[in-house]
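Below: the structure, in structure tokens.
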Amino acid sequence: MTSTAQRAELQAKIWKIANDVRGSVDGWDFKQFVLGTLFYRFISENFTKYIEGGDESINYAKLSDDVITPEIKEDAIKTKGYFIYPSQLFVNVAETANTNSNLNTDLAAIFNAIESSANGFPSEQDIKGLFADFDTTSTRLGNTVENKNSRLAAVLKGVSELNFGNFEDNEIDLFGDAYEFLISNYAANAGKSGGEFFTPQCVSKLIAQLAMHKQEKVNKIYDPAAGSGSLLLQAKKHFDNHIIEEGFFGQEVNHTTYNLARMNMFLHNINYDKFNMALGDTLLHPHFGDDKPFDAIVSNPPYALNWIGDGDPTLINDDRFAPAGVLAPKSKADFAFVLHALSYLSGKGRAAIVCFPGIFYRGGAEQKIRKYLIDNNFVETIISLAPNLFFGTSIAVTILVLSKHKTDTKTQFIDVSGEDFYKKATNNNLLTDAHIEQIMAMFDSKEDVEHVAISIDNTKIAENDYNLSVSSYVAAKDNREKVDIAQLNEEIATTVDKINRLRMSIDAIINEIES
């Protein structure tokens, strides 16, 4: 099945499930049940495949739970990070869902058992709480047990009917596409939060390519505002030839999206010992300080986030912020995330960060931070993207690329906000693979392209008060019609002559009539 057909089937199935449970579950809350069920099916099938080990004579789903020895269970947990008994598998639960009067409590017990299976093992923190947002007893599913069960059964049935074969063989990003479809259809309910923690796959692809550009291998990749993990996973999806030696690292402050990110890692077949996701406030309580530096950093931090800033006098002494000599404004933490990423970046790596355009031209503390970045030659490229690429906002965002290994003292500015660099779609604009290739070619060559790309010496930027707005350096194309004045004057003279001759003719006719 082609990617287009798979995506169409997925969207149609999700919409059908939505219709089956409509009236009870709010659209944006509904995502937890769909995504949670997709995850439950995946880990069930993935675990079954591991246990069977390619032996067609074994049908794990048909085995009795009693045949599982403690040794089998322990070995499986050490490898996979969790354990699922045959009776707990998605396929068996979905098969009897419509007739199971205890479906909601059975599911709750199964999810608890899967999470608890990791207790005392190295994977415990990676598995703990994965199903926390899949509340099968929630009143959002209905006020009676019967209502809850009927809607849960509808979701299970809908997900079970997805016929994509093995999850890992899919032509699409099943989880990402499902999430993107849910956000685009429930944008009114999702509000700003949807855009904060989900980066569209086309933008994620570009950011991953920028961060990984020409690195034959990286020690590890990191996202300080990981959201659902989509940025990290683009590195795996599009850079299989790269060696990400120590895995995927990320921190997320929102508990729900932290769970989604961990689910997403499993869904992309990244084992628990190859990812490390942390829950918490990156700016105030950063994790992974002992794991830095990172060769690749990708991030789409929240725009204009309020933070304590200089309200905490100790922060100016923090290793991440001290070199700049100033903290990001309290009402705009954007540059705090930028400085955090820079602090975690290795000497050979790159960081690609989605930024709100305002931080590149405003004065005050933000100007001082730009001065620090330019004077120390950390800014490689600034790319102005097309508007309306993100869900929940029409803002034309900018990508900031940081590097500590530049060989010149110039900063590249690329303006790809014009119609030649995006595709118009129903709800949001898109970057196609061809657009991304064009952008990456300009990023790689650093050659000037009229009205699109230019490299400016840092001394010139200093003379311009460290303004880093792309439009200040890339001259917009003049689309006004060019007029040949000489030719226009000639045409006017000809027209005037015709008018004069016409008047003379009219006067002659009138004189003839009067006489």
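Could you tell me which of A278, A296, M265 has its Cα farthest along the dipole of the chain towards the positive end, charges placed at Cβ (Lys, Arg +1; Asp, Glu -1), taken about the Cα centre?
Sorting the options by dipole projection puts first A278.
Which listed residue (F30, A94, L210) has the Cα farthest towards the positive end of the charge dipole for the chain, taking +1 on Lys and Arg C-beta and -1 on Asp and Glu C-beta about the Cα centre?
The residue sitting most towards the positive pole is F30.
Taking a 1.4 Å probe, which of K236, K62 shows the most accessible area, and what order do the others take after it?
From most accessible down to least: K62, K236.
So what's the Cα pair-distance distribution over the chain, bin width 20 Å, in %?
20, 46, 22, 7, 4, 1, 0
Work out the length of the dipole vector of the chain about its Cα centre, built from +1 on the beta-carbon of each Lys and Arg and -1 on the beta-carbon of each Asp and Glu, and round it to the nearest 20 debye.
Using only the charged Cβ atoms, the result is roughly 620 debye.
Can you list, bin by bin at 10 Å, the percent of alpha carbon pairs in the range 262-403, starting at 0?
That works out to 11, 39, 36, 13, 1, in percent per bin.
Restricting to DSSP H runs of at least four residues, report the calculated mean residue ellipticity at 222 nm for the chain, -39500 (n - 2.57) per run over all residues, nearest 500 deg cm²/dmol.
Taking each H run of at least 4 residues, the total per residue is -14000 deg cm²/dmol.
Full-extension gain between K237 and N317, please, as 0.36 nm times their residue separation minus the C-alpha to C-alpha distance.
Answer, rounded to one decimal: 24.9 nm.
Could you state the orientation-averaged shadow area of the convex hull built on the Cα atoms of the range 221-295, in nm² to one decimal?
4.6
What whole-number value in Å² describes the accessible area per residue of the range 319-391 for a 1.4 Å probe?
Accessible surface, normalised per residue, equals 28 Å².
Leaving ligands, DNA and RNA out of it, work out the accessible area of T314 with a 1.4 Å probe and give it in Å² to the nearest 10.
90
Cα axis of helix 103-116 to longest principal axis of the chain: angle in degrees, 0 to 90, nearest 10?
Value to nearest ten degrees: 90.
For the chain, with all protein chains present and a 1.4 Å probe, just round the carbon and sulfur fraction of the accessible area to a whole percent.
Answer for the chain is 49 percent, counting heavy atoms of protein chains only.
Out of residues 5 or more away from V449 or on other chains, whose amide H comes under 5 Å of its own, with H placed 1.01 Å from N in the peptide plane?
Amide H to amide H, under 5 Å and 5 or more residues apart or across chains, V449 pairs with I454.
Determine, from the Cβ-Cβ distance of S101 and A5 and an R0 of 45 Å, the FRET efficiency 1/(1 + (r/R0)^6), rounded to the nearest 0.05.
0.75
Which one, Q234, S331, G418, projects farthest toward the positive side of the charge dipole computed for the chain from Cβ point charges (K/R +1, D/E -1)?
S331
Hey, quick one: spin label on T459, modelled 7 Å out along Cα-Cβ, who in the range 366-390 has an amide N within reach, i.e. under 15 Å?
Those under the cut-off are 375.
Just how much of K498 is accessible, in Å², when a 1.4 Å probe is used and the result is rounded to the nearest 10?
Surface open to solvent at K498 totals about 120 Å².
Please compute the contact order of the range 44-143 in relative form: average sequence separation of alpha-carbon pairs under 8 Å and at least six residues apart, divided by the residue count, as a percent.
Value for the range 44-143: 26 percent.
Please give the contour-minus-distance gain from K348 to T407: 0.36 nm per residue of separation, less the Cα-Cα distance, rounded to one decimal in nm.
Residue separation times 0.36 nm, minus the Cα-Cα distance, leaves 20.1 nm.
With an 8 Å cut-off on Cα pairs and a minimum separation of 6 or more residues, tell me the relative contact order of the chain in percent.
11
The values are calculated or read from the model by the stated rules, or taken from the named source; none is laboratory data. All of these numbers come straight from a predicted model, not from anything done at the bench. Ideal geometry is used to build each Cβ from the backbone, glycine not excepted, and the neighbour counts take in all protein chains shown. Keep in mind that these areas ignore ligands, DNA and RNA; they rest on the heavy atoms of the full protein, side chains included. Shrake-Rupley method; radii C 1.70, N 1.55, O 1.52, S 1.80 Å.
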